[in-house]
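Working notes for the structure below.
The values are calculated or read from the model by the stated rules, or taken from the named source; none is laboratory data. Predicted model, so just to flag it, every value in this text is computed and none were measured. Positions of Cβ are backbone-derived with ideal geometry, glycine not excepted, and every protein chain shown enters the neighbour counts.
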Amino acid sequence: MNSSTVMTRDIVVVSPTVTAGVAARLMERRRIRHLPVVEYGRLVGILSDRDLLKRPPGTSCGAAMTPAPVTCLPSTSVSQVAKLMLEHKIDSIPIVSYSGSLTGLVTSTDLLGLLTDLDEAQMLPFDFRLRRAASDSDPLFD
């Protein structure tokens, strides 16, 4: 399964000149945690709700954003997207075309959504089992 299957396609974006205060209100109103920052049709950064906590409301999104974020192509596997999120400790990855234009956004919420549908979950490239410890002396607690 590739990232284009799970990505959010209806993406709210901001310009680098928008203030952090405006971006924060937009995120709150739309109930989102990530805003791609786009200039002249190209992705230049990403702004998270955590980025906004560090900046005064008058700061521009260009100054508050993470520049040159980790991105993937629509053909990138969901497994690879998840690995990148874990490796970089991020909760979203913009999906861009070969030309660099934004086509979607995969968030941790999108990936968790796969697990809510058992048919989809069976297609995932991993398996897991829960193991219950017999006692506090079980090696799992060491």
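Can you find a residue in region 57-64 that is within 13 Å of SER108 (Cβ to Cβ), part of a helix (DSSP H, G or I) and not polar (S, T, N, Q)?
First, the residues of region 57-64 that are within 13 Å of SER108 (Cβ to Cβ): none.
No: region 57-64 contains no residue that is within 13 Å of SER108 (Cβ to Cβ), part of a helix (DSSP H, G or I) and not polar (S, T, N, Q).
Quick check on this structure: which one of LEU140, LEU112, LEU130, LEU118 is closer than 13 Å to SER79 by Cα and either exposed (fewer than 10 other Cβ atoms within 10 Å of the Cβ) or at pLDDT below 50 (or both)? Break it down stepwise before answering.
Working: LEU140 fails: closer than 13 Å to SER79 by Cα; LEU130 fails: closer than 13 Å to SER79 by Cα; LEU118 fails: closer than 13 Å to SER79 by Cα.
After applying the criteria, what remains is LEU112.
When region 10-37 is examined, which residues are found to be more than 18 Å from the chain's Cα centre (by Cα) and either β-branched (Val, Ile, Thr) or within 23 Å of SER101 (Cβ to Cβ) (or both)?
First pass over region 10-37, keeping only residues more than 18 Å from the chain's Cα centre (by Cα): 15-22, 25, 29.
Listed by number, the residues that qualify are SER15, PRO16, THR17, VAL18, THR19, VAL22.
Being modelled with pLDDT of 95 or more and hydroxyl-bearing (Ser, Thr, Tyr) is the filter here; which residues of region 78-106 pass it?
Matches in region 78-106: SER92 only.
Which one is farthest from ILE93 (Cα to Cα) among residues in region 49-64 that are surrounded by fewer than 19 Cβ atoms within 10 Å (Cβ to Cβ) and within 18 Å of the chain's Cα centre (by Cα)? Show your work before the answer.
Step one: of region 49-64, the residues surrounded by fewer than 19 Cβ atoms within 10 Å (Cβ to Cβ) are 49-50, 53-54, 56-60, 62-63.
From what is left, the residues that are within 18 Å of the chain's Cα centre (by Cα) are 49-50, 53.
Details: ASP49: 15, ARG50: 15, LEU53: 20 Å.
That would be LEU53.
Can you report the number of residues in region 72-103 which are outside any helix (DSSP H, G or I), in contact with a Pro (Cβ under 9 Å, 6 or more places away or on another chain), hydroxyl-bearing (Ser, Thr, Tyr) and farther than 12 Å from ARG42 by Cα? Walk me through how you get there before you give the answer.
Looking only at region 72-103, we keep the residues that are outside any helix (DSSP H, G or I), and these are 72-77, 89-103.
Keeping just the survivors that are in contact with a Pro (Cβ under 9 Å, 6 or more places away or on another chain) gives 72, 77, 90, 92-97, 102-103.
Within this subset, residues satisfying the condition of being hydroxyl-bearing (Ser, Thr, Tyr) are 77, 92, 97, 103.
Subset that is farther than 12 Å from ARG42 by Cα: 77, 92.
Of the residues in region 72-103, 2 are outside any helix (DSSP H, G or I), in contact with a Pro (Cβ under 9 Å, 6 or more places away or on another chain), hydroxyl-bearing (Ser, Thr, Tyr) and farther than 12 Å from ARG42 by Cα.
Could you say whether any residue in region 8-23 is assigned to a strand (DSSP E or B), farther than 18 Å from THR109 by Cβ, at pLDDT below 95 and out of contact with any Cys (no Cβ under 9 Å at 6 or more places or on another chain)?
Among the residues of region 8-23, not one is assigned to a strand (DSSP E or B), farther than 18 Å from THR109 by Cβ, at pLDDT below 95 and out of contact with any Cys (no Cβ under 9 Å at 6 or more places or on another chain), which makes the answer no.
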